[in-house]
Amino acid sequence: MRGRKIVITGASRGLGRALAIVAASRGALPILLGRSLDALQEVSETISGYGGPRADCFVCDLSSPPSITCATSEISRRHPDIDVLVNNGAQFSAGNLDNHTDEQIMAVMNSAVTGTMILTRELLPLLKARARADIHNVVSMSGLPYARFVGASLPFRTAKAAQDGFTQGLVEELQGSSIRVTSIYPGIIEDVCPIAADWQRCRGIDEGLTNKEVVDAIIYALSAPANVSLRQIVIERTRSDFLL
């Protein structure tokens, strides 16, 4: 990971925030995307405060194509040598379909599917210009056909299934290029902070997953040798909530 520039969407909180902090500790240069500039700058300051590199922040609302275009234009101008794109950002929703407004359904679908596709398309020329590059999509157990809903709404489940289809199609479309496409399918996870003591706590078999296990798996996939591609990683607790 050392010296690689890694674009992370949804980087202001949760899994994206944790990934940015850990990637920086491994020598990568995170480029942070999210909807709140203040929250992104807090992540950047946390990274710097622990001896990491300065992380540039770009406001990017994945449900808004103009916002995506603005962010990708700035990235292209300031960081034309990006090495990794991690599509992590998406809007989660729970509850029954009839409790969702039209706007809520569109926001969930646009952030996970349309926004992810537009952002990826806009940054593809930069990634293709590199001798080695990675696209890593954070999908979800909700995107797998054999997984139960377990709290996710039908719009979220549908969006993640579409994101899974996009990921597999991208593998075929980029075959023979310098870009690896990998994806991870986490189950229910608890958010912990990489700079908190709880991050390193060893958990028992009855306990659930945290974002640490997911971050570790993403870093492992991105750090694999150039001739190795870990296409799909399904990560769920031993006593699963999702599998039928």
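When the range 192-244 is filtered for residues that are under 24 Å from residue 52 (Cα atoms), hydroxyl-bearing (Ser, Thr, Tyr) and not in a strand (DSSP E or B), the ones remaining, listed by number, are 220, 223.
Residues of the range 170-204 that are buried (at least 17 other Cβ atoms within 10 Å of the Cβ) and of a type in the set (Ser, Thr, Tyr): 182, 183, 185. The lone criterion from (1) under 17 Å from the mean Cα position of the chain (by Cα); (2) farther than 30 Å from residue 125 by Cα; (3) hydrophobic (A, V, I, L, M, F, W, C) left unmet by residue 159 is number (2). Within the range 12-63, which residues are in contact with a helix residue (DSSP H, G or I) (Cβ under 8 Å, 6 or more places away or on another chain), within 23 Å of residue 140 (Cβ to Cβ) and of a type in the set (Ser, Thr, Tyr)? Those that are in contact with a helix residue (DSSP H, G or I) (Cβ under 8 Å, 6 or more places away or on another chain), within 23 Å of residue 140 (Cβ to Cβ) and of a type in the set (Ser, Thr, Tyr): 12, 63. Applying a threshold of 8 Å to beta carbon distances and a minimum spacing of six or more residues, or different chains, the list of pairs starting in the range 15-38 at a residue that is over 19 Å from residue 92 (Cα atoms) and without any contact (Cβ under 8 Å) to a residue 24 or more places away in the chain and ending at one that is surrounded by fewer than 22 Cβ atoms within 10 Å (Cβ to Cβ) and among the hydrophobic types (A, V, I, L, M, F, W, C) reads 37/59. Restricting the range 1-16 to residues that are part of a helix (DSSP H, G or I) and within 10 Å of the chain's Cα centre (by Cα), the residue that is farthest from residue 196 (Cα to Cα) is 16. In the range 220-241, the qualifying residues are those that are hydroxyl-bearing (Ser, Thr, Tyr) and over 20 Å from the mean Cα position of the chain (by Cα), and the one that is farthest from residue 142 (Cα to Cα) is 238. Here residue 112 fits the description: of a type in the set (Gly, Ala, Ser), buried (at least 20 other Cβ atoms within 10 Å of the Cβ) and within 26 Å of residue 22 (Cα to Cα).
Take residue 196 and tell me if it is modelled with pLDDT of 85 or more, farther than 30 Å from residue 104 by Cβ and touching a Leu at 6+ places or on another chain (Cβ under 8 Å). Spelling it out, it is not the case that residue 196 is modelled with pLDDT of 85 or more, farther than 30 Å from residue 104 by Cβ and touching a Leu at 6+ places or on another chain (Cβ under 8 Å). Residues in the range 131-166 that are touching an Asp or Glu at 6+ places or on another chain (Cβ under 6 Å) and under 20 Å from residue 178 (Cα atoms): 133 alone. When the test is whether a residue is surrounded by 16 or more Cβ atoms within 10 Å (Cβ to Cβ) and not aliphatic (A, V, I, L, M), residue 35 passes it. A single member of 213, 207 is out of contact with any Lys or Arg (no Cβ under 8 Å at 6 or more places or on another chain), surrounded by fewer than 21 Cβ atoms within 10 Å (Cβ to Cβ) and either over 19 Å from residue 94 (Cα atoms) or among the acidic types (Asp, Glu) (or both), and it is 213.
Quick check on my filter: what residues within the range 38-63 are among the small types (Gly, Ala, Ser) and surrounded by fewer than 18 Cβ atoms within 10 Å (Cβ to Cβ)? Result: 39, 48, 49, 51.
Elements of the type helices (runs of 4 or more DSSP H) sitting completely within the range 42-144 and holding at least 3 residues that are in contact (Cβ under 8 Å) with a residue 40 or more places away in the chain and under 16 Å from the mean Cα position of the chain (by Cα): these cover 115-128.
The values are calculated or read from the model by the stated rules, or taken from the named source; none is laboratory data. Remember, predicted model here, so these are calculated numbers, not experimental data. Counting neighbours? That spans all protein chains shown, and the Cβs are built from the backbone with ideal geometry, glycine included.
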